[in-house]
Every structure is written in C-alpha cells, then in structure tokens.
Amino acid sequence: MNRQTHNREKRKWNRLPLALPVFLRSVGSDGKESLEFATGLNVSAGGILVATRRALPLAMQTLLEIPVAPFTLPAKAPKTTRKLQAKIVRIVHGDDFHLIGMRFQRPLTASTVAKRSPKQAIPRKRSSTV
C-alpha cells in the first residue's frame with residue numbers, strides 16, 4: 001500500500017475543494033494576539049487546509065472566522081456556524097506562503113449547529129405542481 005492511499009484511508013470525512021476567505025485569530029507565546037487573513041483551500045467536517053503568508057507554530061490553538069456579508073439573516077434562515085476553534089496539526093512551508101492543516105475542535109455535523117425549535121423550523125414543500 002503506498003503512502004497516498006494510506007493517508008486517504010485515514011480521513012474520516014471527504015474534503016471539498018472550496019476556496020474560502022478566512023481570518024485566523026491566535027495568541028502567540030508572548031501573549032500577543034494576531035489576526036491573519038488566509039485562504040481556505042479545502043474543507044471537511046473535521047478540518048480545513050489554509051494558505052497563509054505568515055508561519056504559525058504546530059499545535060497552536062486558533063479561532064477560524066469565515067467572513068459574511070454585513071446584513072441580518074431572516075429568522076427562518078437555517079442556523080450556521082462561522083467561528084470555529086481549531087488546532088494546527090500540519091504545516092508545509094513554501095517560499096511565499098505556508099499550507100496549514102487544521103483540525104476543528106468539534107466536527108462540523110448537524111449536531112454541532114444549534115437546533116431550532118419546532119416553531120422556527122423551515123417549512124418543507126409537500127407536493128409539486130410540475
């Protein structure tokens with residue numbers, strides 16, 4: 001079995017090749033807070049691969065924020081998550097950028113997003129006129 005096949009089989013969730021703008025918030029060993037703008041290259045329920053300009057240390061705890069448009073969503077919109085705690089688990093250094101693999105503290109599953117009360121449930125279409 002080659003290494004690539006072995007790594008693929010270790011993954012618990014499929015990766016989606018989505019380019020997402022993200023902010024990484026962290027606190028350095030000196031206690032100084034930092035904010036890094038980065039690009040998510042792929043994401044799964046368990047983590048994300050991001051490209052950054054600044055190197056961050058392995059095992060660092062971070063807060064990943066996905067920016068959203070500045071308007072209020074209607075009450076009937078599905079509940080979403082945009083702030084995720086993550087730990088850096090892998091780093092590949094490049095000349096102008098660094099690829100950072102991060103594992104979410106809690107996987108992105110339906111149970112990690114707050115559930116709505118039955119009154120707030122989004123109505124489902126029961127039949128079609130087509």
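The values are calculated or read from the model by the stated rules, or taken from the named source; none is laboratory data. Everything quoted here is computed from the prediction, not taken from an experiment. Heads up, the Cβs are rebuilt from the backbone with ideal geometry, glycines too, and the neighbour counts pull from every protein chain shown.
Of all residues in the range 80-95, those that are under 14 Å from L108 (Cα atoms) have Cβ atoms under 7 Å from Cβ atoms of residues that are charged (D, E, K, R), 6 or more apart or on another chain, in R82/E65; K83/E65; A86/R103.
For the residues L35, L108, L58, L64, the requirement of being closer than 23 Å to N14 by Cβ and modelled with pLDDT of 90 or more singles out L64.
Beta carbons closer than 7 Å, at least 6 apart along the sequence or on distinct chains, pair a first residue in the range 58-72 that is at negative phi and free of Cβ contacts under 8 Å to residues at least 40 places away in the same chain with a second that is β-branched (V, I, T) and surrounded by 15 or more Cβ atoms within 10 Å (Cβ to Cβ) for L58/I88; L58/I91; M60/I88. Residues in the range 33-73 that are surrounded by 15 or more Cβ atoms within 10 Å (Cβ to Cβ), outside any strand (DSSP E or B) and not aliphatic (A, V, I, L, M): S44, G46. Residue pairs whose Cβ atoms lie under 7 Å apart, separated by 6 or more positions or on different chains, with the first residue in the range 21-32 and surrounded by fewer than 11 Cβ atoms within 10 Å (Cβ to Cβ) and the second outside any strand (DSSP E or B), do not occur. Taking into account only those residues within the range 111-127 that are loosely packed, with under 11 Cβ neighbours inside 10 Å and within 24 Å of L63 (Cβ to Cβ), which is modelled with the highest pLDDT? So the residue we want is S111.
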